[in-house]
Each structure stands twice: as C-alpha cells, then as structure tokens.
Protein chains: 2
Amino acid sequence: MSLARVQNFSISLDGFATGEVQSLETPFGHAGERLHEWMIATRFGGEMFGRAGGSVGVDDAFARQFDLGIGAEIMGARKFGPPGWHEDPAWTGWWGDNPPFHTPVFVLTHHQRPPIEMEGDTTFHFIDASPAEALETARQAAGGQDVRLGGGATMIRDFLAAGLVDHMHVVVVPILLGRGVRLWDGLEGLEKDYEVEATSSPSGVTHVTFTRAGA
Amino acid sequence: MSLARVQNFSISLDGFATGEVQSLETPFGHAGERLHEWMIATRFGGEMFGRAGGSVGVDDAFARQFDLGIGAEIMGARKFGPPGWHEDPAWTGWWGDNPPFHTPVFVLTHHQRPPIEMEGDTTFHFIDASPAEALETARQAAGGQDVRLGGGATMIRDFLAAGLVDHMHVVVVPILLGRGVRLWDGLEGLEKDYEVEATSSPSGVTHVTFTRAGA
C-alpha cells in the first residue's frame, strides 16, 4: 500500500508554518530558520547540508523518516519559489543543483512548464490538478512507494480536508510567530480519524504524529 | 517573592482554551470536558472530585502544582459564570458549596457585588481593576504566597501582554476544536522572555511550561 505522508512539517506553538512576508530573501518571512533549527541540528540535517556531526536522539530518528520509503513528492506552488517565480523561466527551486528530494516532485501550479531534471534524480513536474488527481499521478511515479506531501500549510490543509493524508508528522517548535500561514484552520475534529501521539524532545520541540487507522 | 502563576491551563492543539457556544449547560461549549479529561484522570483529579484512585505519573505531578504555594486567585468574569451571571444575585460560581480554590478569589468584572464566603475558605471578591491593580490586590491577600491566574484565555492574554506572568503551565490536548477562544493571539515573540520546556505524557497531552528568568 502506497501511503500519503507528511514528514518533518514544522509549526510554531501558535500554529504557523511560515511567517510573513515571504520573499526571495526570506523564504519563511519573519520566522527565518527558527522553525527548522531542530532538524538542521540533527545528524540527518548534517548529512543534508554537507556538515559532519549532529544529534542522534529522538529528533534525528524522526527527521530520517523524511525519505524512508518515499518514491515521489507533491508540493504546493508556494513551496517551490517566492511569489512570482513562475514569471522567471530560469527558476529551478530554492535547493541548488542537487535538491534533497531524489525522486519525482510534482509542483501544484496553474502555471505549467516543461519538467526540469536536476542532479541526484530529482525531477520537477508542474501540474494543475486537484489533490486527488495529483496524488494519483504521484503514486504512479512512486513505483509502489509512499508519496510525501511536502507542504506548505495551505496544500497540506487541502489534502487533509480531502481525506487524503495517511500519516502526518508535525513538529511543534516552542516559539510564537503571531502571524503567517496557519496549519490548523478549518480542521475541527481531525483527530477522530487518526491515532495521535506526542513525543517531546530535549531540544524543546514536540513531535506530533497523526496515523490513520489501518495505515 | 510572590509569583503570578498559570497552572493546568488546557488548550487544544489548534490553540483554543474553550469551544463555543458557552452557556449554563455547556461551560466549555462544544469542547465539553475533553480539554480537562487528562486532569480528571489523575489522582489529584480524583481527590478534587471525591473519587478514589487515578494516575500518578507526569500528569498528576503537574496537576498537583495547582494549589502548591498559592495564596489567592484572579479569574476573568467569563470563568466565574455563564454569560449574564451578573444578572442573577444568587449565582455563586460553577463549583458548588465548597469550590476547589480554598483562598481568596478575585473575579474581574465591571459588575461589582459584595464578597461571597463559601465553604472551605474560598471567598469570591468582585473587582473592576486593571491586570496590574488586580495583581497588587491579590498579592496583598495572598500573605506572601503566589497568585494563580485562573483564566480564561482572554484574561491570561491580558496579563501576558502586560508582562505580569512569571510562570505558565499550558497543557496541549491532541484535539482540534476549530473554533472558540484562542490563547495565543497577539503574543508574537513571547518566548523571548521565558525559558520554555515541553514534556509529553503517555496520556497524549503535552505539558508546556514558560518560566521567566529569575522567577
């Protein structure tokens, strides 16, 4: 069974997945890197950024599930680039020549363009599709493996509202952003469809997992 | 030093301290008792409700700090009764003849009335005061002990915004209420003034404590 999974999705204690205003210089707005420091500090984060060392405790154990068993990713248009990226034909994402996905990645956008093949087996595809259609497309590309739902918050909310998420790993970072894009809006009663577990870490973050019955 | 402390203050994962609509029959609106089941299940909760037994793990350890070293409480008008309670001269709170406070309790309200002496050393005082004034009054009544800030969320936000909170224990319950009264609104950057710790419990809740430097 190919699951639809959210991994390493960080939010502030008050529920924001990004601050504002997002731009080329500030991909997460006034949040800066604070939502992701926990991950960067792990050994997994070190490997991702070409740095030696890093923590190997609970944060690393969760962080490593990012690519375990994943055969494709779907991401929202706002994750792929700053506002207006679709007007720049040379834009190939934030992640340099060798992005950390190493699978097909389907970018949900109304502005289609030809696929972009990057180093390290990442290929960006640009599709205009509903959540269900996008998941079907990504599953075919994943070759029987799971599909990662990469965010941002708006895209994950859309997939949750459509009942398409099998597993979700949210990391609550103990900061209050006060403004930005909220993850939880409009999801009253979501917990009824999932087993929810919380695991706090010495780093200060809390890992919250939602697992659908049978998934 | 007499601290101003928030204890056992429960919110949903999406940040609501109560659901809606609040009434005599539904003090927490559509949230029902779900935000407080973790506390009721502890041995401390058992003692409070005259029931034997209960859990004695991390939830109980936190719950018991509710009255340790507390000499007075301040609560908002919306905690004391349902909307319109001030029009009923016979209303003496939700808690029966022997409320669980056992200290002076200062109810912040524009509708003053004479103090009400209850069993078990709880006396309700009704005052129309700013957060700083109310804290000064409660500290005098607390005889050198700490003052508990009892909620609801609006009242706690007012005290946080005024910089009057020394210690805050928030319990994040893994449910999504979707609507109600939010705790975190307008508190961007609050963590800068506090040490924040998170402790998850086997019950599924996460205890988050804010402690001010030096407090």
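Let me know the volume per residue of the alpha-carbon convex hull for the protein assembly as shown, in Å³. Walk me through the intermediate numbers first.
Details: hull volume 66.6 nm³, N = 430.
Convex hull of Cα atoms, per residue: 155 Å³.
Neighbours of A:L68 by Cβ distance under 15 Å: Lys/Arg scored +1, Asp/Glu scored -1, total -2.
For chain B, modelled as a GNM with alpha-carbon contacts under 10 angstrom, which of B:L183, B:L35, B:L68 fluctuates the most? Judging by the Gaussian network model, the answer is B:L68. The per residue volume of the convex hull around the alpha-carbon atoms of region B:4-212 is 118 Å³. Fewest-first ordering of B:I156, B:I11 by other beta carbons within 10 Å of each residue's beta carbon gives B:I156, B:I11. If both residues of a DSSP beta bridge must be in the protein assembly as shown, then about 45% of such bridges are antiparallel. Label-point spacing at B:G163 relative to the other copies reads 5.2 nm, in ascending order, each point sitting 7 Å out from Cα along Cα→Cβ. Starting from the Cα of B:W91, step 7 Å toward the Cβ, then list every residue of region B:129-162 with an amide N under 16 Å from that point. Those under the cut-off are B:152. Of the beta bridges DSSP finds with both residues in chain A, what % are antiparallel, to the nearest 5? Counting DSSP beta bridges with both partners in chain A, the antiparallel share is about 45 percent. Comment: the Cα-to-Cβ extended label point of A:D185, at 7 Å, lies 1.4 nm from its counterparts in the other copies, nearest first. Note on region B:61-75 and region B:1-56: Cα centroid distance 13 Å, given to the nearest whole angstrom. Scalar couplings 3J(HN,Hα) for region B:46-52, obtained by applying the Karplus form with A = 6.51, B = -1.76, C = 1.60 to θ = phi - 60°, are x, 4, 5, 9, x, 10, 6 Hz; x denotes Gly and Pro. Extension gain, A:E20 to A:R51, is 8.3 nm, computed as 0.36 nm per intervening residue step minus the present C-alpha separation.
The rotation axis taking chain B to chain A passes closest to the C-beta of one chain B residue; that residue and the distance in whole Å read B:S200, 2. Zone of A:R34 (label point 7 Å along Cα→Cβ, backbone N under 17 Å): which residues in region B:199-215? Under 17 Å, as judged by backbone N against the label point of A:R34, lie B:209-213 of region B:199-215. With its label point put 7 Å out from Cα toward Cβ, B:N98 sits 7.1 nm from the same residue's point in the other copies, in order from shortest.
Taken together, the values in this text are just the output of simple stated rules run on the coordinates, not laboratory data. Given the structure is predicted, the values throughout are model-derived calculations rather than measurements. All Cβ positions, glycine included, derive from the backbone under ideal geometry; neighbour counts span all protein chains shown.
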